Amino acid sequence: MEASEINELSVIIGKTSNNELRQIPLSQLPHLFLLYSDQEQLYHFLQCLLTNWENSIANNEIGFALAMSETNVVKVFGSNISTLPYPFYNRTNPDQGSVASRYIFMQDLLKELKKRKRNSSKKMNRVVPLIVISDDIFELVITNRKYTGLYFLQLLIEGPAYGIHFIIASIRVYRNLMNQLMAVNPLLKDAFRKLIPDYDFSINQPLGSELIMTPEDLYFFKTREQIDYDRYFPAEN
């Protein structure tokens, strides 16, 4: 991103057999698709994430947008949802969130992207990274409104250049869905071309890195460029 400087943050993926932490800068992910086997694995990973970003959070150098269950938000963020300072779509009880629906959640994120683009052209100040966390990719993206999925794709493609990154989890096998989304489903191409006319559909590189947590609590991670997975272990809190 030329016009504005983005604060660089790193994500702790796990640790090696030599007890060395594996950290990846957000800009290199630039999104993380997370498949977990047990709910506690999700809690542990996200809690490690927040611990690592503790100073940035305290100094308002990072923002979040959450599409999660009420239970998961309270467990991970340790906060009553009524005092949560972040945009929050409560997928188990939408009336109790600060964002009313999945469609509005995506729409608001797209508005944020457009605002960041405008500010970039005006050479505004440093960009605060916005981390979008969802604990169920299926529940977030599969809706009756096709534009929910289209906005999601646009944010995946354009968001990283303006400091918007997704960490999206699922306890169900999501590989087929993710491949469709990351390669751009041909059924969506015509509509998608209207949103991003200059997008090169010949590019078939995945839009994010993958982390798989097995029932044995082993982590298998690969970046967008890798063919094979590297093995890691859970990092300490």
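Computed values, structure above
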item: Residue within region 109-121 that is of a type outside the set (D, E, K, R), in contact (Cβ under 8 Å) with a residue 24 or more places away in the chain and under 30 Å from residue 215 (Cα atoms) present; result: no
item: Strands (runs of 3 or more DSSP E) wholly inside region 153-237 that include at least 1 residues being touching a helix residue (DSSP H, G or I) at 6+ places or on another chain (Cβ under 6 Å) and either within 21 Å of residue 107 (Cα to Cα) or at pLDDT 65 or above (or both); result: 164-170, 209-213
item: So residue 66, is it modelled with pLDDT of 95 or more, buried (at least 21 other Cβ atoms within 10 Å of the Cβ) and of a type outside the set (Val, Ile, Thr); result: yes
item: Yes/no for residue 45 being aromatic (Phe, Trp, Tyr), surrounded by 21 or more Cβ atoms within 10 Å (Cβ to Cβ), at negative phi and in a helix (DSSP H, G or I); result: yes
item: Sole residue being open to solvent by 40 Å² or more (accessible area, probe 1.4 Å), closer than 18 Å to residue 128 by Cβ and not hydrophobic (A, V, I, L, M, F, W, C), chosen from 55, 19; result: 55
item: Single residue of region 69-107 satisfying the filter (out of contact with any helix residue (DSSP H, G or I) (no Cβ under 6 Å at 6 or more places or on another chain), outside any helix (DSSP H, G or I) and closer than 27 Å to residue 13 by Cα) that is most open to solvent (accessible area, probe 1.4 Å); result: 85
item: Any hit, region 126-142, residues being open to solvent by 40 Å² or more (accessible area, probe 1.4 Å), modelled with pLDDT under 75 and over 28 Å from residue 55 (Cα atoms); result: yes
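Residue by residue, here is whether (1) without any contact (Cβ under 8 Å) to a residue 24 or more places away in the chain; (2) in contact with a Phe, Trp or Tyr (Cβ under 6 Å, 6 or more places away or on another chain); (3) among the hydroxyl-bearing types (Ser, Thr, Tyr); (4) within 30 Å of residue 229 (Cα to Cα) holds:
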residue: 27; (1), (2), (3), (4): no, no, yes, yes
residue: 41; (1), (2), (3), (4): no, no, no, yes
residue: 53; (1), (2), (3), (4): no, no, no, yes
residue: 61; (1), (2), (3), (4): no, no, no, no
residue: 70; (1), (2), (3), (4): no, no, no, no
residue: 73; (1), (2), (3), (4): yes, no, no, yes
residue: 79; (1), (2), (3), (4): yes, no, yes, no
residue: 90; (1), (2), (3), (4): yes, no, no, no
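The values are calculated or read from the model by the stated rules, or taken from the named source; none is laboratory data. Note that the structure is predicted; figures quoted are calculated from it, not measured. Cβ: placed from backbone, ideal geometry, glycine included. Neighbour counts: every protein chain shown. All accessible areas refer to the heavy atoms of the entire protein, side chains included, with ligands and DNA or RNA removed. Shrake-Rupley method; radii C 1.70, N 1.55, O 1.52, S 1.80 Å.
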